[in-house]
Every structure is written in C-alpha cells, then in structure tokens.
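In what follows, a structure is listed as structure tokens, so that the remarks can point back to it.
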Number of protein chains: 2
Amino acid sequence: MISVEEARGRILATLTPVAGETVSLADGFRRVLAMPVIARLTQPPADLSAMDGYALRAADAAKGAALKIIGAAPAGHPFAGSVNPGEAVRIFTGSVMPQGADSVLIQEDATAACGAITVNETCILGKHIRPAGQDFATGDVLIPAGRRLTSRDIGLAAAGNHPWLNVHRRPRIAILATGDEISLPGEAIGAGGIVSSNAHALAALITASGGDALILPIAGDERAAIAAGADAAKGADLLLTTGGASVGDHDLVQAGLASRGLKLDFWKIAMRPGKPLMFGHLGALPMLGLPGNPVSAFVCALLFLRPAIERLSGLPGVAPQPDFARLGAAMKTNDQRADHVRATLTRDDNGWIATPFPMQDSGMLRTLARADALILRAPHAPALDFGQKVPFIRLEP
Amino acid sequence: MISVEEARGRILATLTPVAGETVSLADGFRRVLAMPVIARLTQPPADLSAMDGYALRAADAAKGAALKIIGAAPAGHPFAGSVNPGEAVRIFTGSVMPQGADSVLIQEDATAACGAITVNETCILGKHIRPAGQDFATGDVLIPAGRRLTSRDIGLAAAGNHPWLNVHRRPRIAILATGDEISLPGEAIGAGGIVSSNAHALAALITASGGDALILPIAGDERAAIAAGADAAKGADLLLTTGGASVGDHDLVQAGLASRGLKLDFWKIAMRPGKPLMFGHLGALPMLGLPGNPVSAFVCALLFLRPAIERLSGLPGVAPQPDFARLGAAMKTNDQRADHVRATLTRDDNGWIATPFPMQDSGMLRTLARADALILRAPHAPALDFGQKVPFIRLEP
C-alpha cells in the first residue's frame, strides 16, 4: 500500500494538459485559458471624467468664480472644441475630457444658470479625472494562460476587446460503473440489487471540476463486458471505473482490462475509505479504478480525480487545500491508514467547528450527502479531545 | 440614502420563488429542489456483506474450526439455499447474506481448500454485515425541498431510485446595458468609446448564481431605446440594467423606464462603490438598476443580485457570509458609506491575511479581476493598523 500523497503524485506525473479550442467569450467562463488575453486597446482610451460636472481649467475655478458653459460632452460624444480661460464644458461620468480642460468640478459644487456656472467650492487641479491607460494599455497581459476564468475575468477580457478566447477543452472523463447488482434509476432492480449511484454523483463532480462526463452503459461482472466498456471509452482523456477494484473473485475490472493491455501503475492505498483504488494505463489512456462503495468512490474522486481533471485542464492540479476547525466531539487514535472522516461544519466567533458523524460506514451515502467536510486524520494520528484543532477539506469545493 | 442591509431586505421582500420544472437526474445538479426526494426503496435492500469472505454461523466459527463451502453468492446473485451448522457460503462485498448465516468471516482470516475452509481467526457475531435499511428506508425524506443539490445529493437521489427531479427553473435575468459610449467586444468603437464589459461579467455571475442570463442588445442614451429594452425583457423574472443610474442629464434609465410604468422603490445606497443603485418594478417585473462602472456594477451584483437570484431560485437568499482576516496594510477611518475594498488574500498558520489594493478607483476592472476578496468597512469604521482583524467576503463565491 502506498500513501495518499504518493498515489496523487504518481497519477499527476503521467498527465498533461489537453489541447485548446476557441470559444465565445461567454463560453469561456470557468474554463482554463490556453493563450493569454492581451489588451487590444487602452483603457480608459483617453482622460475621462470620473463624475458628472464641469470640465474646466482649475486656475479659473476658485470659489466664487463664474465660467461660461461653451458646450456639453455626453459619454460617447466627445466635445470637439477646446476649453479656454473662463470657460467650462458640461461633462458626465465616462465622458472624454475636452482639450484645454485639466479638472472636473462636480455638479454638486456648482450653480448653473443662464449658460454659466458659479463655482461653490474651489476646484482641485486634476481632480475627478481617470487618466488614459489607468486600467490597462494596449499589449498588456490582462489574464495569463493557465488561469481558470472568473466572471470578473470574462468582464476584463470583454473590456480588452476579445469576443473569442482560447481555452483548454474540457477533459473527457468516461465513467464505467461495473457490477451485476446495479441498475439505472427507475429501471427494474434484480433480487438483492441496488441502484447505481456512483456514476451520477461522479458525473456531477466531473462537471464541477471542469470536465465532460461520459456515462457508459453499466458493465456486468464479466471480463468481456468490462473490456467492451474500455473500447467505448475511445477518445476519452481518462477512464474511470467504479466497483470491481477489490480482491474478490468477482472483482473483474483488472482482469477485464488486462485483455486490452492494462499496465497497472499501483493498486491499494493506505487510506480509509477507499483502500482498493487502482491506477494504470490502457495504451495512452489513463485509467483510475475507484471502489464500488459510494462513499469510498466519492472520497477517492475528491482526492485523486479532481486534481487529475485540473491537471488535464491546464491547471497544476493539487491536493484539496485543508482549512482548520475545532473538534465538536472527541476522536480515537488512528491506525496506519489516512482517514477521511465525514463531519458537519458549524461556526462561531472563533472559527469552524467540525463534528464527526458517529457512524462512518462506507455504504452510507446519506451521511455523505449530509456532511459538509472530511476531517483529515494522518496515519497513526493521536486521539483528540473535544475542541482540539483538526484539518478538514470541504466535500463540495 | 438607505443602508446596504435595508436595500437588500427591501429587494428580497418583493421576490418569490419561480415555479418548478421536471429535469433528468443529471440536470438536477446545482438546481434547487422544489419537491422533496423521497426514498422509493430501502437501502441496503437486505442484510449485505460489507467484505469479501464467507457467510456462516458465528457459533461454528471459532479459530481452528473447519466448515464446508456449500455455494457462492456473488453481488447481484443471492444464494438460494440456507446455511446450516458446519456450512459456509462464499460471499462478496455487496452480496445478500444467505438465510441462516449471521456473520461474515473475511477471506484474510480463512484458508480455503477442497471445498472447505479452516477458520484462522475466531469470527465475531454479526461482524461485517450492513443491515437492511442502514442507509435509508422506503418513504424516508432523502433530500428536503429548498436545497441546492450537490453532487452527493445527485448520487443519493439515484440510490433512492429517482431518474427525474422536480426543481425550481432557473430564474431568467434580462441584462440591459445602456450608454452611447459602449460597444460589443470585437465591434467598431466610437471616438472616446469603450467596450461593454458589464453585461458579460454579470452574465457569468448570473450563471454561477443559478440563473439564466439573457443579454439584450445595448440600449443607447435615448428614452425610447431603454423603453424598448424593457419590452424585450418580457417573460424575465428580473430586469437588470447597467449604467444610467446616476444623476446626470444623460442618465436616462429612470426616464426611459418611466414610460413603461416604472414604480421606483428606492434609489441610492450609502455604500462605495455603487451608490447610485436603484430598485423598482415595471408591473410585476422587478427591476434592479446597477451603476455603469464595472467595479460598482459587480460589487452591487454580489451584494444584491446574487441573493435576489437565490430567493427567486427557492433559497432564502442571504447576504454574502463574511469570513475574517488580519490586515496586510493599515486602513484609514471610513466615512458614512459602507465601503467594499478590493483586496488580495493570502494565508499563514494563523489564518487569512487580506491586503487592500492601494488604488480603489471604481473604473479599474483589472484590479477587480486580480482581487480575491472585498474587505467590509462599516460606515464610520475606525482606522485600523496592519494585523488588525477585518471581515471580508470572497469575490467568486
């Protein structure tokens, strides 16, 4: 058995980012940029007024002065003339500053009447002007490659005049659920059978992680069915299996994939839940074999699949970053396996409180769904009392 | 001017959840459940083995005992007979426990040869069995209405045998960007003009908040154009405008919408950035008017639009929940307006450190895109030194 960290490192080391594609600006949201976004213009394009008021020469605008209004410059309609001594131009937020003016007197500080204004507060030189290029200039790198685009990045790319973006395509993750005992929701269930839940929860996690999920038909417990599933994954960037990763006679995933040339990299990790995780390759196709238990499968997906999708997407791909909480209940000494304990999170003025569920059976999906976090327990971690500090990761990142 | 809290409260008070729709299980991810998900079966359906091994009677299985293997029960293929004294059935994780057996001896603790096993470790009564209904029973409420569905909830609904879900439809948010100075990315830009960024950033934020964004054509600074935009928003659940919400002569949104019967609820909030926010109704259609500055528009969307979309979606809709950080730089006394200061976040062993950007001009979209958080400064908040505690909210929730 290898450690969680070693397993993740070995998986990530084999993966490289998928190629890029051109998408519309809107479709770039949450995608990972493959080519940097370079500013195609300067923003602001000229000195702009930051307020509604009057563009004028500060030297003319001491308190009490009167200035002639020679025109107006609505946003998008620059004033064509020039502001000379004793003159002012009506101006609005976002308007281009007229030639000759060096300051803006806000309208609250002026009284306008009969084509002239009276200055009620002495104007400060250069005040209320957004200088050309204050935000960015043509040629600036607005967003570097390798960043997952936020809503603000989409706005910034728009402001830089980009209707299209070059992003990594979404990694395609084929999911092959195996087992004679499972059927699809709403379909007939055999004696002692259960409904397949893993593929559906994993597909959602894949979507949330930036991947495209391909749910393959369920493969029964026969080598040929599993081999056919692997064939159906052609064109995927990763094959994910669930079930059949243990050591029983009916755990056929390794046997089924062997017929398609599976090269196993590792199998079994010193962790709980999820010990029988496996990783290998079918030719160039990476293959991650998750346990069949829904809790084990989800925890393994969080720890290994999510970073793998990130790496395929053009991000570094890292372990879920732990936060810290105080324990809401005591915990026993841990054994030699890294444990991931389902817990609820609450908070008070001193921060997070993580309370483990008393039952941690890996078949209990309802407990997983109700949990907020996994408390991380290193191998051989000592017993902890109520209130002691523990690291945790969130279940829905 | 009213406070941020009062403004949010008045917006939320007018909104009610949109109707439900039926979607496939996969499409339910991140949607808000309109009808509870009730378990349609019991899980596990029967007592199941939690391990690979042998189903037997614990009374027969002291260390050194020999038992006859009378059959096998692969998962999905229950053993039809009964286990009598001196007998065992080969069993696998997820297999139904055969009649007569009360315990599972894990395979690591047995030696199998010639159709019999020798017990190497005394078997504990009831060990390694998942009792029927341990996870849930038919009729249990698996997921209550009003919850935004996680990937684990999707798995749980699948396990409860639901191929379809009843969720609130995505609230439709129509976005009307206004201004003679703005044009679409990649299109011709007029003298002193800029590229429209607000609609695109807001559409992404709407998507992330669970809404469907409808970007209307840009309306120029004419009453008729703005009125036509309002007409095009027919069927939306909320009309969002950007720009034209200030007090200048060219701030025409109120005037344009007045021709369509705008009832203004409030206008101007004691906050920075974003003072000229307005809210009202066009008949039954709620209307939120955001400022034109990209930073102001985004901050207002985070504080008011996002909770509004949540309320429309069937969630309560609450203020962004603040976390706490130590300041990475000193801050001055605040004035009478609630301030929202763009900052970067880093962390050390003692938690988060928020460092405000030195320039906070509301035209600087690049600073917004590079920021991680907004430091919250209450009206009249006192000056703070480096290292003092401040509340913050994240920009990309």
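Quick look at the numbers
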read-out: Restricting the stretch B:372-391 to residues that are closer than 24 Å to residue B:336 by Cβ and within 14 Å of chain A (Cβ to nearest Cβ), the residue that is surrounded by the fewest Cβ atoms within 10 Å (Cβ to Cβ); value: B:389
read-out: Unique residue being more than 30 Å from residue B:319 (Cβ to Cβ) and charged (D, E, K, R) when the list is B:6, B:108; value: B:108
read-out: Test: residue in the stretch B:181-195 that is in the same structural domain as residue B:235 (by TED's automatic domain parsing) and either among the polar types (S, T, N, Q) or touching a residue at least 60 places away in the same chain (Cβ under 8 Å) (or both); value: yes
read-out: Of all residues making up the stretch B:56-88, the number that are under 13 Å from residue B:118 (Cα atoms) and of a type in the set (A, V, I, L, M, F, W, C); value: 8
read-out: Tally of residues being among the small types (Gly, Ala, Ser), in contact with a Leu (Cβ under 9 Å, 6 or more places away or on another chain) and not in a strand (DSSP E or B) across the stretch B:66-99; value: 4
read-out: Which listed residue is outside the structural domain of residue A:388 (by TED's automatic domain parsing) and in contact with a strand residue (DSSP E or B) (Cβ under 8 Å, 6 or more places away or on another chain), from A:277, A:327; value: A:277
read-out: Subset of the stretch B:271-287 (residues that are surrounded by 22 or more Cβ atoms within 10 Å (Cβ to Cβ), touching a residue at least 40 places away in the same chain (Cβ under 8 Å) and not in a loop (DSSP other than H, G, I, E, B)); value: B:271, B:287
read-out: Subset tally (residues that are charged (D, E, K, R), touching a strand residue (DSSP E or B) at 6+ places or on another chain (Cβ under 8 Å) and farther than 29 Å from residue A:93 by Cβ) for the stretch B:330-365; value: 1
read-out: Any hit, the stretch A:107-123, residues being within 10 Å of chain B (Cβ to nearest Cβ) and over 30 Å from residue A:66 (Cβ atoms); value: no
read-out: Members of the stretch A:66-78 that are modelled with pLDDT of 95 or more and within 17 Å of residue A:128 (Cβ to Cβ); value: A:67
read-out: Some residue of the stretch A:308-321 being away from chain B (no Cβ under 14 Å), under 29 Å from residue B:48 (Cβ atoms) and within 27 Å of the chain's Cα centre (by Cα); value: no
read-out: Options A:342, A:326; residue that is crowded, with 20+ Cβ neighbours inside 10 Å and assigned to a strand (DSSP E or B); value: A:342
read-out: Residue match in the stretch A:344-366 (condition: under 23 Å from the mean Cα position of the chain (by Cα) and within 27 Å of residue A:244 (Cα to Cα)); value: no
read-out: Checking residue B:240 against (1) under 17 Å from residue B:174 (Cβ atoms); (2) assigned to a strand (DSSP E or B); (3) touching a Ser or Thr at 6+ places or on another chain (Cβ under 9 Å), the condition it does not meet; value: (3)
read-out: Check on residue B:92, buried (at least 18 other Cβ atoms within 10 Å of the Cβ) and either modelled with pLDDT under 95 or among the basic types (Lys, Arg) (or both); value: yes
read-out: Qualifying positions in the stretch A:156-204 - among the small types (Gly, Ala, Ser), under 29 Å from residue A:307 (Cβ atoms) and more than 22 Å from the chain's Cα centre (by Cα); value: A:177, A:179, A:196, A:197
read-out: Criterion: within 30 Å of residue A:172 (Cα to Cα), in contact with a strand residue (DSSP E or B) (Cβ under 6 Å, 6 or more places away or on another chain), surrounded by 14 or more Cβ atoms within 10 Å (Cβ to Cβ) and within 14 Å of chain B (Cβ to nearest Cβ) - qualifying residue of A:4, A:18, A:32, A:37; value: A:37
read-out: Residue within the stretch B:229-239 that is within 11 Å of chain A (Cβ to nearest Cβ) and closer than 21 Å to residue B:196 by Cβ present; value: no
read-out: Per-region count, the stretch B:37-65, residues closer than 23 Å to residue B:158 by Cα and outside any loop (DSSP other than H, G, I, E, B); value: 5
read-out: Within the stretch A:286-307, tally of residues that are within 18 Å of the chain's Cα centre (by Cα) and within 23 Å of residue B:48 (Cα to Cα); value: 0
read-out: Among (1) surrounded by fewer than 18 Cβ atoms within 10 Å (Cβ to Cβ); (2) at the interface with another protein chain (Cβ under 10 Å from one of its Cβ atoms), the one test that residue A:25 misses; value: (1)
read-out: Answer residue from the stretch A:290-309, given it is β-branched (Val, Ile, Thr) and in contact with a helix residue (DSSP H, G or I) (Cβ under 7 Å, 6 or more places away or on another chain) and is farthest from residue A:396 (Cα to Cα) among those; value: A:309
read-out: Strands (runs of 3 or more DSSP E) wholly inside the stretch A:125-214 that include at least 2 residues being more than 8 Å from chain B (Cβ to nearest Cβ) and hydrophobic (A, V, I, L, M, F, W, C); value: A:164-168, A:172-177
read-out: Candidate set: the stretch A:351-371, residues that are modelled with pLDDT under 95, within 10 Å of chain B (Cβ to nearest Cβ) and part of a loop (DSSP other than H, G, I, E, B); chosen: the one surrounded by the fewest Cβ atoms within 10 Å (Cβ to Cβ); value: A:359
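The values are calculated or read from the model by the stated rules, or taken from the named source; none is laboratory data. Keep in mind the model is a prediction, meaning the values are calculated, not measured. Quick reminder, even Gly has a Cβ in these numbers, built from the backbone with ideal geometry, and neighbours come from all protein chains shown.
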